[in-house]
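Structure, as structure tokens:
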Amino acid sequence: MRVSIAIFLFLTPFLAGADPLYDIELTVARQGFDGKMCWVHARAGAIPPSAPGNPASSPLVVMTLQKLDLTGSDVFHALNEIRTSDGGKTWTDPQEHESFARGPFSWRDSEDLEITVSDFWPRWHAQSGKLIGFGHTVVYEDNRVKLLRPRGAAYAVYDNDKHSWSDWQTVKLPKFPRFENAGAGCSQRYDLSNGDLLIPFYFKKPEEYQYSTTVMRARFEDGKIHYVEHGSELTVPVKRGLYEPSLAKLGDRFYLTLRNDDHGYISVSDDGLTYSEPKKWTFDDGADLGNYNTQQHWVSHSDALFLVYTRRGANNDHITRHRAPLFIARIDPDKLHVIRASEQVLVPENGARLGNFGVTEVSENESWVTVTEWMQIPGTHEGRGERLKRDMAILARHGADNRIWVAKIRWNQPNRSIPIH
């Protein structure tokens, strides 16, 4: 077991908007950087007390993460996990799952390819009593991401007793050409009270450049995820379109936040499937939020909805794509903008990116945001899949050490909307 490091946040100029609904405790689950690989994609799911596989009186939190090969772009290896049963005071050492090891793959006229799953996010499914994780497939050729490739909405189911994941599968979507490259990587899903899953995903024909986003309604039966239907197909005519969507609900309305190369976007729905025209994220004074080419996710409370994001304008021009620090702020659920006065830093920057993160509902009193310091900077030329030379010592000089941050949001009023009962 490894003891986490607690770091309590005090007021800074960014924290002037501290919200009375919650307090923050910032901890580190583990840290350490070997200069060659780094942990990324730290996202967790919580198994409630007294659920199958967790007889304890406290939640069992299972965090998944992957090693990134720093010599390339998005060169990921098999899924690992760490666990805590004492509220994050101690964590197990990383356990690699062979079911997520790269395997041989062929597509069209390409042979000798490899495939695995990345951008994984586990979440408790209350009706089945299982952690179900979603991500997407990634295809490699000579240890580089293959530019022209298919993509699948991948998932796996956790065995609570054995602490292992099932072999991953992909959701069988309608055989439309535009769904040949369709994934749910980094996407935050929402589970309905009847057990159906609303899964945001993004898609395009492999030869195309621009993504569209939609939400599918799916059902978990016989150990498999079954597609039922999907709703509005959303995009914008800006570079790669809309992708890496995340979904939340407040009251009777659904909220979808979307990544775009130039701006973050927001769209809303009354039924979870039919969405409004996407709107750029702004502050309440009309200024652009400053988020771009980076995902955003939701922290949900029964009384309010919060956006977690990165942005320009935070003395962070030295950070790739301004992907640190992580901010949290309330949104206005009617006017669909971020309330600037509520913004505060959730995870500070130490020179490394924090843009790939997850949110976990641990209990009605606590939600966690988990993220790693991504120990990679641009090389002399940015080419996806290219082997680049990078001076990672720059990050160490700023204080980065591949920390796995756990920002604990402690609610001052019980959160009645958690999906873990």
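Yes/no per residue for (1) in contact with a Ser or Thr (Cβ under 9 Å, 6 or more places away or on another chain); (2) in a strand (DSSP E or B); (3) closer than 22 Å to residue 119 by Cα; (4) at pLDDT below 95:
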| site | (1), (2), (3), (4) |
| --- | --- |
| 212 | yes, yes, yes, no |
| 254 | yes, yes, no, no |
| 271 | no, no, no, no |
| 294 | yes, no, yes, no |
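If I go through the stretch 341-352 residue by residue, how many of them are surrounded by fewer than 23 Cβ atoms within 10 Å (Cβ to Cβ), touching a helix residue (DSSP H, G or I) at 6+ places or on another chain (Cβ under 6 Å) and either more than 22 Å from residue 19 (Cα to Cα) or not hydrophobic (A, V, I, L, M, F, W, C) (or both)?
Of the residues in the stretch 341-352, 4 are surrounded by fewer than 23 Cβ atoms within 10 Å (Cβ to Cβ), touching a helix residue (DSSP H, G or I) at 6+ places or on another chain (Cβ under 6 Å) and either more than 22 Å from residue 19 (Cα to Cα) or not hydrophobic (A, V, I, L, M, F, W, C) (or both).
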Among the candidates 206, 174, residue that is in contact with a Leu (Cβ under 7 Å, 6 or more places away or on another chain), in a loop (DSSP other than H, G, I, E, B) and over 16 Å from residue 247 (Cβ atoms): 206
Residue selected from the stretch 154-171 under the condition part of a strand (DSSP E or B) and touching a residue at least 60 places away in the same chain (Cβ under 8 Å), by the criterion surrounded by the most Cβ atoms within 10 Å (Cβ to Cβ): 155
Close pairs from the stretch 325-349: first closer than 28 Å to residue 403 by Cβ, partner assigned to a helix (DSSP H, G or I) and among the small types (Gly, Ala, Ser), Cβ under 6 Å, at least 6 apart: 329/342; 330/342; 342/17; 343/17; 344/17
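I'm trying to understand the selection: among the residues of the stretch 44-55, which are in contact with a Ser or Thr (Cβ under 6 Å, 6 or more places away or on another chain) and either closer than 27 Å to residue 102 by Cβ or at pLDDT below 95 (or both)? Break it down into steps so the answer makes sense when it comes.
If we filter the stretch 44-55 for residues that are in contact with a Ser or Thr (Cβ under 6 Å, 6 or more places away or on another chain), which is where we start, we get 44, 46, 49.
Matches in the stretch 44-55: 44 only.
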Single match in 34, 19 (criterion: surrounded by fewer than 15 Cβ atoms within 10 Å (Cβ to Cβ), at pLDDT below 95 and either on the phi > 0 side of the Ramachandran plot or not in a strand (DSSP E or B) (or both)): 34
Some residue of the stretch 353-372 being under 15 Å from residue 322 (Cβ atoms), touching a helix residue (DSSP H, G or I) at 6+ places or on another chain (Cβ under 6 Å) and at pLDDT 95 or above: yes
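The values are calculated or read from the model by the stated rules, or taken from the named source; none is laboratory data. Remember, predicted model here, so these are calculated numbers, not experimental data. With ideal geometry, Cβ positions are generated from the backbone for all residues, glycine too; neighbour counts draw on all protein chains shown.
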